[in-house]
Each structure stands twice: as C-alpha cells, then as structure tokens.
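The structure appears right after this line, and notes come after that.
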Amino acid sequence: MKVDVNYYYEPDKKETKYNNVEKKQKLPYPILEMIFGTLNIVVAVISFLVIVGLNYLKPIVNNLLGQSFPLNTKCLFILSTLLLILGVLLELYSLERARSMNHKIIALIIFFYSFFMVFMITYIIVRYSLAWMGIQLFGNSDIGHSKWFYLPSIGFLFYTFFIVYYSVVLLKR
C-alpha cells in the first residue's frame, strides 16, 4: 500500500466554501438590566404592600395619633405602578437583548416611558407642592408640611432623570 505524503502536507488548491464568513460578536448577557429591573419591581411591590397596609390600618392609625389624617395613597400608588411597569420593561429589554432580537424597540419604549415618568412626578409636585407625600398622608397639618417630605419628591425626580439618562444609554447599545 502506497501513501502519498504530499497529499497531507500540501494545501488544498480548492477554495473553501465559507471563506467570507464574519463572526458576529455576541452581546454580553444583560445582567445589569435584569438586576435593575428586578430592583424596580421589588420596590414597587413593597410600595404596594405599604399602600395596602396604610389603607387597611387607616382607622387604627387615626385612633392612635388622635387626629383625623387623610392617609391618601393615590399619588404613591400611581408612582408605584410606574415603577412596576418600568421594571417589567427593563426585564423585557434584558430578555430581548440576551436573544439579540428587538432590544432597540424596547429601549425606545423605555426612553419615551421615562419622559412620561418625569412628566408624572413633575405634575404631582406642581399640583400638590414639593411636600406632596406629607400632604397626601397627613393633610394640611404641621406633620404634612414638614421639610422632611421634600426628600421623597426630590428623590423621585432625580431617579426619573436618571431613568431618562439610562434609557439613552440603552438606546446607544
């Protein structure tokens, strides 16, 4: 049996079938968006539990404090709903990005939704004042007009501006 050694060492003169194939870079797994979306969902669920607790315990709290506070949670419910929807959108974005499919469309939806969130918190601040949470919960009392209730308003406002910035970053990816 004769073996042609040149057959094994000479390059094949035929062109390969897949010589112009480009490697597509796979996007990294979007763990940050998943964690951020989950954090938003957890905060929204905790807020919903606080709202349910306040509505359930409203008579007991009013009897304990000796005053008639409205303990209105409508605006807090609206903002919690907005956070929950944002968390779900971020989870959808991370899933679509992991599949390398339509993540730009979800990022665009998050971008417009973030402007809606800025509009809603600004509307609540303009309508009820910067201490809207205190006024909603404790009415026009000294507790309701406390300067400490400015902090949640400012925090929500800065957070929504951060969401706008983050959505622009998502659009550029």
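Taking first residues from the range 33-61 that are without any contact (Cβ under 8 Å) to a residue 60 or more places away in the chain and surrounded by 13 or more Cβ atoms within 10 Å (Cβ to Cβ) and partners that are assigned to a helix (DSSP H, G or I) and acidic (Asp, Glu), the Cβ contacts under 7 Å between residues at least 6 apart in sequence or on separate chains come to Gly37/Glu91. A Cβ distance below 6 Å, combined with a sequence gap of six or more or placement on separate chains, defines the contacts here; from the range 134-145, residues that are among the aromatic types (Phe, Trp, Tyr) reach residues that are surrounded by fewer than 20 Cβ atoms within 10 Å (Cβ to Cβ) in the pairs Phe138/Phe69; Phe138/Gly144.
Within the range 82-97, residues that are under 20 Å from Ile121 (Cα atoms) reach partners that are among the acidic types (Asp, Glu) with beta carbons closer than 7 Å, at six or more positions or on different chains, in the pairs Leu90/Glu33.
Every residue, every condition in (1) loosely packed, with under 13 Cβ neighbours inside 10 Å; (2) at pLDDT 90 or above; (3) aromatic (Phe, Trp, Tyr), yes or no:
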{"position": "Ile109", "(1), (2), (3)": "no, yes, no"}
{"position": "Phe119", "(1), (2), (3)": "yes, yes, yes"}
{"position": "Ile143", "(1), (2), (3)": "no, no, no"}
{"position": "Phe158", "(1), (2), (3)": "yes, yes, yes"}
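Hey, does the range 82-97 have a residue that's within 21 Å of Asn40 (Cα to Cα) and either loosely packed, with under 13 Cβ neighbours inside 10 Å or more than 23 Å from the chain's Cα centre (by Cα) (or both)? No, there is no match, as no residue in the range 82-97 is within 21 Å of Asn40 (Cα to Cα) and either loosely packed, with under 13 Cβ neighbours inside 10 Å or more than 23 Å from the chain's Cα centre (by Cα) (or both). Do the conditions hold for Leu137, that is, is it out of contact with any strand residue (DSSP E or B) (no Cβ under 8 Å at 6 or more places or on another chain) and either in a helix (DSSP H, G or I) or at pLDDT 95 or above (or both)? Taking the combined requirement at face value, the residue satisfies it. For the range 109-128, the criterion of a residue being outside any helix (DSSP H, G or I) and either among the polar types (S, T, N, Q) or over 12 Å from the mean Cα position of the chain (by Cα) (or both) is satisfied by no position.
The values are calculated or read from the model by the stated rules, or taken from the named source; none is laboratory data. Keep in mind it's a predicted model, so treat the numbers as computed, not measured. All Cβ positions, glycine included, derive from the backbone under ideal geometry; neighbour counts span all protein chains shown.
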